[in-house]
Amino acid sequence: MNLIHDSSTQASGDGFEVLDACHRQTLETLATLDALVARLASGAPDAEARTMAAGVVRFFSTAARQHHEDEERHVFPALLAGGDGDIAQAVSRLQQDHHWLEADWFELAPQLDAVAAGQAWYDLDALRECVEVFVGLSHDHIELEESLIYPAARVRLGAVERREMAREIAARRRARGADAADR
């Protein structure tokens, strides 16, 4: 599983390239999550299942959260300032989705941590149900962003603003990486 690395934010001249790359990685990680649940249905977590679970936890605990923060900081405010009621309603829904996804993740993460650690205390039926909700909401969320919100934001934000967005995203991620290294 490939994770979004700082090099992707440094190489990009447009913040939307970073956001789009994270969407692609999110979809790949959601597919891994689905595959993990299917694998667990056949028995206790083997080495491959543990690796899959650890990668999913790592991605949704870091890059996905950063992605939501990027949208909240850079994309949503510009659209809300535009005065379009339909866009504002969609942004409001996406902001609520961010809260629901975070709540869903808090329920899902401990079970995935158990799988990653090779523990068998997780409840497969509960895990399956949580994954179904999380994956479904994530897909709907990305679809709304890519079909309506990102195109509108690309029009609203000029090239200079999009480059500044990419620089700010990269700087924030570098700072977080340095903070994590200091712990």
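Points to keep in mind about this one:
- Principal axis extents of the Cα atoms in the range 59-110, from largest to smallest and rounded to whole angstrom, are 41, 16, 9.
- Spin-label proximity, A35 to the range 51-66 - amide N less than 18 Å from point 7 Å beyond Cα toward beta carbon: 51-60
- Lys/Arg +1, Asp/Glu -1 at C-beta; the range 105-183 dipole; positive extreme among I149, A117, F134: I149
- The chain: mean projected area of Cα convex hull, nm²: 10.6
- The range 80-155 shape via C-alpha gyration tensor axes, a/c threshold 1.5: prolate
- Most mobile of A63, A49, A159 in a GNM of the chain (Cα contacts under 10 Å): A159
- Residue-averaged [θ]222 nm for the chain, counting only DSSP H segments that reach four residues, each worth -39500 (n - 2.57): -26000 deg cm²/dmol
- Rounded to the nearest 20 debye, the dipole magnitude of the range 13-182 is 600 debye, with +1 charges on Lys and Arg beta carbons, -1 on Asp and Glu beta carbons, and the Cα centre as origin.
- Using a simple spin-label model with pseudo-atoms 7 Å out from Cα toward Cβ, D86 and R163 lie 3.3 nm apart.
Computed from the coordinates by the stated procedures, all read-outs in this text should not be read as laboratory data. This one's a predicted model, so the numbers in the text were calculated from it and none came from an experiment. As a convention, Cβ positions derive from the backbone with ideal geometry for all residues, glycine included, and neighbour counts pool all protein chains shown.
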